[in-house]
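> Next up is a structure, given as C-alpha cells.
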Amino acid sequence: QVQLVESGGGLVQAGGSLRLSCTASGRIVVINSMGWYRQAPGKQRELVATIASGGNTNIADSVKGRFTISRDNAKNTVYLEMNSLKPEDTAVYYCRAIVGGLPYWGQGTQVTVSS
C-alpha cells in the first residue's frame, strides 16, 4: 500500500501565496508521476499540475505563470507553490501519485482564497 499525506492548505487573501506539500510512503519502488488536482464545490475534479520522475511538467492553463510544481525524488515529495492566488482557486486540492502504474490519492487539503 501507498499513502499520500498532504499539508499546507489554508485561508489566504487574494494575491497571497501558499505552498502545498505531499509525501508518499509505503510500498514504493518507483513513482512514475506526481501531481495535484483540485475540486471546487459543484465542479468536477480538474488537473492543476503534474510532474514526471524526469522533471517534465504539465500545468493547467488556468494556473500557468502563477503556480509552480516541483518534486524531491529522494523524499518522495511533490510541492505546489501557488502565487497570486485568486478566489476562483478555492477548492480542495488532492495529491496524486502513480506508483508502479497504479494511481494513489491523498485525502485532500482545503485552500480558500478570500476576495
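The values are calculated or read from the model by the stated rules, or taken from the named source; none is laboratory data. Quick caveat, the model's predicted, so the values are computed rather than measured. Neighbour counts are summed over all protein chains in view; Cβ atoms, including those assigned to glycine, are modelled from backbone coordinates with ideal geometry. Side chains are part of the model used for accessible areas, which takes the heavy atoms of the whole protein and leaves out ligands, DNA and RNA. Shrake-Rupley method; radii C 1.70, N 1.55, O 1.52, S 1.80 Å.
> Kindly report the accessible area of the chain per residue (heavy atoms of protein chains, probe 1.4 Å, no ligands, DNA or RNA), in Å².
52
> I've got another one for you. Give me the distance in nm between label points sitting 7 Å out from Cα along the Cα-to-Cβ direction at residue 27 and residue 110, one decimal.
3.4
> Tally up the carbon and sulfur contribution to the accessible surface of the chain as a whole percent, 1.4 Å probe, everything protein left in place.
Ligands and nucleic acids excluded, carbon and sulfur give 48 percent.
> Can I ask one more? Let me check against my output: what whole-number percent is the relative contact order of the chain, with C-alpha pairs under 8 Å and at least 6 apart?
Contact order relative to length: 37 percent.
> For the range 1-83, which trypsin sites (Lys or Arg not before Pro) are both in a DSSP coil and crowded by at most 12 other Cβ atoms within 10 Å?
Filter output for the range 1-83: 27, 43, 64.
> Once phi is turned into ³J(HN,Hα) by the Karplus curve 6.51 cos²θ - 1.76 cosθ + 1.60 with θ = phi - 60°, what whole-Hz value does each residue of the range 19-25 show in order, with x for glycine and proline?
With coefficients 6.51, -1.76 and 1.60, one gets 10, 9, 10, 9, 10, 9, 9 Hz.
> How many nm separate the modelled label positions at residue 11 and residue 61, each set 7 Å beyond the Cα in the direction of the Cβ?
Between residue 11 and residue 61, the label points sit 3.4 nm apart.
> Under 12 Å from the Cβ of residue 93, count the other residues' Cβ atoms, weight Lys and Arg +1, Asp and Glu -1, and hand me the total.
+1
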